[in-house]
Amino acid sequence: MSNRTPILLLLGALTVPGPGFAAEPAKPGWPEALYNPKADKDDLVLPMPCGGAMTFRKVAVPAEGALDDRRVELGGGEAKFAYSENSRRDWVGGGFTDPKAKNLHAFYIGKYEVTRQQYAALSGSCAEPGEEARLPKVQVTWAEAVAFAGAYSTWLVKNALDRLPAEDGAPGFVRLPTEAEWEFAARGGIAVSDSVFVQPSFPMPEGAASYVWYQGSESANNELNAIGLLKPNPLGLYDMLGNAGEFVLDPFRLNKLSRLHGQAGGQTVKGGDFRTPLADIRSAAREEFVPTDKRGERRSPSTGFRLALAAPSLPSTQRIGAVRKAWEELPKAAAAAIAGPQDDPVKEVEVLGAAVEDPALKQRIRNLSTVIKSSIQTSNEQRARAARSEIRVGAYLARKLADDKRIVATKERQIEALSEANQQLRDGIRRALETDRATLDFNLGYYIDTLTQLNAEYPEALMLAQAEVLKREFEARNLASLNGFIDLCIRHAARLRADGKLDHPKTLGEIPVP
């Protein structure tokens, strides 16, 4: 069978489903090693034809409302790649919500690259697994990868609807990830701090060879390798960098300083592959894959893909209503802060537009209204990030005060336990204790100053909302133990707002000692 036969059968299945596509074939289930060699309790495993399966991982995106998304800095700072990868701002969001997880949206992404066995499972024939079953499927075109995703979505709805995540009753579907989704996941999402997120690659404490298949005899040795042999990134994703380059949904565009250029070219391939030198392994890596050349259709022995599992943006009439309401509110939240005692600037411009009869001038006023709305929304987002950052500082300070209290209490117990015969040792501990008490007093003052600044800069509703978003970030980074300090920070800020001051001994007494 030629390399083209499976996709031809697949494309046929998209229009006229055959018996092997319409229902689950009566085949024994695959060994787990074929689709999830490094199983984890948080994996989402979805079935495939031929008794197969594919594994996905949730990518969390903190969000409050229907139109909330997260600003991220993508790209990098290497001058030799700046024409393609210079640092730029983008946004990611998740379509799936969970009533048990407040202020958290999510999308899913393939835990591994799509394998040869998984690709063959949708071809209409159920081949027995061979030695190369776990190798990433390469030598595909972007169109074939898109067709595979479409066929798999159709199969899932027909055969495993109850297994598919849904949003407002609408089932999710698989597609290629967008470039922003791919890079957000590759860098570690919210499982890493902002300072780590912008690094060239995710943390690799055991060395790059333990995480990435790159060029060289100590790593890939110029060969494609089976999925799941190395260690994952912080989100539990394997081979995001190296091994096979991966198609994403977006066309390739050059970089124009802080944004992408307007011309769309070929397809975008992310992550590097087994031929990429270690020095060039980076999350920002992106290449243009031109679909044809003088010989015709192009395929690459080092380019494959992984899938994303997404939700519709408008899964229900209820969601349409929520989005409309959220959209109308976008420019309003910060209008008072911008306009002061004057009227809402958006309404002022709308009044002017209604009073103008000249069509050209009316359109210019509409354009001005859009610019003002965009400016207000940008201001809203900046205030939200700043408030979240200030709350983070407050939580860290509260945690530091807890440590300071423990250190002071330990030294006080040591002094009490020592006899008069150990006077020299007691004096040494007492001097250290004086320093520790001074540090405790300074940090307590800093903590209260931080709360004062919070109350001065941000309304209570914004602080409460961003505190919840920050909790989701801490949970993703295995820092949920700090969530109690976030709550404490918010309570102290509320008391300071109500009383105008905080009693130092009482405030310190409410901070728990670890």
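D by Stokes-Einstein for segment 192-327, Kirkwood Rh over Cα pairs, 10 °C, 1.306 mPa s: 92 µm²/s. Residues whose amide H falls under 5 Å from that of Phe247, counting only those 5 or more places apart or on a different chain, are Lys270, Gly304, Phe305, Arg306, with hydrogens built in the peptide plane. Does segment 458-514 come out rounded, prolate or oblate by the C-alpha gyration tensor, with a ≥ b ≥ c the root eigenvalues, rounded set by a/c under 1.5 and, if not, prolate when a/b is larger than b/c and oblate if not? It is oblate, given that a/c is not under 1.5 and a/b is not larger than b/c.
Can you figure out the FRET efficiency of Glu64 with Thr435, using R₀ = 25 Å and their beta-carbon distance, to the nearest 0.05? Result of the calculation: an efficiency of 0.05. Ordering of 132-139, 479-486 by packing is 132-139, 479-486, highest average first (other Cβ atoms within 10 Å, averaged per residue). Taking only the Cα atoms of the chain, the radius of gyration and Dmax are 27.8, 96 Å. Along its principal axes, segment 380-509 has C-alpha extents of 64, 35, 19 angstrom, given from the largest down.
Computed from backbone phi with θ = phi - 60° and the Karplus coefficients 6.51, -1.76 and 1.60, the 3J(HN,Hα) list for segment 148-153 is 4, 4, x, 5, 5, 4 Hz; x is used for glycine and proline.
Taking 4.7 Å between beta carbons as the limit, the unpaired Cys residues of the chain are Cys489. Relative to the current alpha-carbon distance between Asn367 and Arg324, full extension at 0.36 nm per residue lengthens the span by 13.5 nm.
Rounded, prolate or oblate, given the Cα gyration tensor of segment 35-102, with a/c below 1.5 counting as rounded? The shape class here is oblate. Relative to the current alpha-carbon distance between Arg413 and His504, full extension at 0.36 nm per residue lengthens the span by 30.5 nm. Radius of gyration (Cα atoms) of segment 5-310, expressed as a multiple of 2.2 N^0.38 Å: 0.97.
Annotation: segment 108-201 has a Kirkwood hydrodynamic radius of 15.6 angstrom, from the mean reciprocal C-alpha pair distance. Packing, as the average of other Cβ atoms within 10 Å across residues, places the peptides 181-190, 149-158, 430-439 in the order 181-190, 149-158, 430-439, highest first. Can you bin segment 436-477 into rounded, prolate or oblate? Criterion: square roots of the alpha carbon gyration tensor eigenvalues sorted a ≥ b ≥ c, rounded for a/c under 1.5, prolate for a/b above b/c, oblate for the rest. Judged from the Cα gyration tensor, segment 436-477 comes out oblate (a/c at least 1.5, b/c at or above a/b). Between amide H atoms placed 1.01 Å from N, distances below 5 Å from Trp213 occur with Asn243, all of them 5 or more places distant or on a separate chain. Counting neighbouring Cβ atoms within 10 Å and putting the fewest first, the residues Glu131, Glu510, Glu144 line up as Glu131, Glu510, Glu144.
Within the straight-line cut-off of under 27 Å between alpha carbons, the lysines reachable from Lys373 are Lys256, Lys325, Lys332, Lys347, Lys362, sequence neighbours fewer than 8 places apart in one chain being disregarded.
For Val45, nonlocal amide neighbours, meaning residues 5 or more places apart or on other chains whose placed amide H falls under 5 Å from its own, are Phe56.
Of all DSSP beta bridges confined to the chain, the antiparallel ones make up roughly 90%.
Between segment 124-163 and segment 231-269, how far is it from one alpha carbon centroid to the other, in angstrom? That distance is 21 Å.
Per-peptide packing, taken as the mean over residues of other Cβ atoms within 10 Å, places 60-66, 261-267 in the sequence 60-66, 261-267 from highest down.
Residue-normalised convex hull volume from the C-alpha trace of segment 145-265: 178 Å³ per residue. Our coupling estimate for segment 159-169, obtained by passing each phi through the Karplus curve with A = 6.51, B = -1.76, C = 1.60 and θ = phi - 60°, is 10, 8, 4, 6, 8, 7, x, 10, 9, 6, x Hz, Gly and Pro reported as x. Straightening the chain between Glu460 and Asn422 buys 8.4 nm, computed as 0.36 nm per residue apart minus the Cα-Cα spacing.
Every number here is computed from the coordinates shown, using simple stated rules; none is lab data. On a predicted model such as this, the values are computed, not experimentally measured, just so you know. Reconstructed Cβ throughout: ideal geometry from the backbone, glycine too, with neighbour counts over all protein chains shown.
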